[in-house]
1. I want the antiparallel fraction of DSSP beta bridges within the chain, as a percent rounded to 5.
2. Once the dipole of the chain is set up with Lys and Arg at +1 and Asp and Glu at -1 on Cβ about the Cα centre, which of LEU95, THR22, VAL78 lies farthest towards its positive end?
3. For segment 33-88, what % of the accessible area comes from carbon and sulfur atoms, probe 1.4 Å?
4. What 222 nm value per residue comes from the helices of the chain, counting each DSSP H run with n ≥ 4 as -39,500 (n - 2.57) and dividing by all residues, nearest 500 deg cm²/dmol?
5. So for ASP14, ASP2, ASP21, what's the accessible-area order with a 1.4 Å probe, most first?
6. With every protein chain left in place, what is the accessible area of PHE69 in Å² (1.4 Å probe, nearest 10)?
7. Using C-alpha positions alone, give me the convex hull volume of segment 57-110 per residue in cubic angstrom.
8. Among VAL29, VAL73, VAL84, which one moves the most in a GNM of the chain with springs linking Cα atoms closer than 10 Å?
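The values are calculated or read from the model by the stated rules, or taken from the named source; none is laboratory data. Given the structure is predicted, the values throughout are model-derived calculations rather than measurements. Note: ideal-geometry Cβ built from the backbone for every residue, glycine included; neighbour counts use all protein chains shown. For the accessible areas, the whole protein counts, side chains as well, though only heavy atoms, and no ligand, DNA or RNA atoms are used. Shrake-Rupley method; radii C 1.70, N 1.55, O 1.52, S 1.80 Å.
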Amino acid sequence: MDYSITYYSEAVQDEILDLPDTLAARYIVLTRRMVALGPNLGEPHTKAFGNGLFELRLKGAEGIARVFFCTIVGRRIVMLHCFVKKTNKTPLRELAIAEIRLKEIKHANS
């Protein structure tokens, strides 16, 4: 049984669709794999941040992007937040946005 992908909001979906071409293409390839095989693709494609928060790691000619996501019972993957990475470390502000959205999703599904 396949997984399904949903988005925290339409704005998150739009941010992902507006990624530069090579990053958007990578997103499509990896999310197709996630739907078929599950969300844990392992590094370098996905990384666990703990507490149910994960990141999808996109790399392309235009740079690097990250998409934070979580999983919900019923084989649902929820894309929480997307950003283009400009530094080696994940900015705390970007991580905080994802963590807040994760709490909201967990609360809504409990």
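1. 85 percent
2. The residue sitting farthest along the positive end of the dipole is LEU95.
3. Its accessible area is 52 percent carbon and sulfur atoms.
4. Theoretical 222 nm ellipticity from helices: -12500 deg cm²/dmol.
5. Solvent-accessible surface, decreasing: ASP21, ASP2, ASP14.
6. Approximately 0 Å² of PHE69 is accessible to the 1.4 Å probe.
7. For segment 57-110, the hull spanned by Cα atoms encloses 73 Å³ per residue.
8. Looking only at VAL29, VAL73, VAL84, the biggest GNM fluctuation is shown by VAL73.
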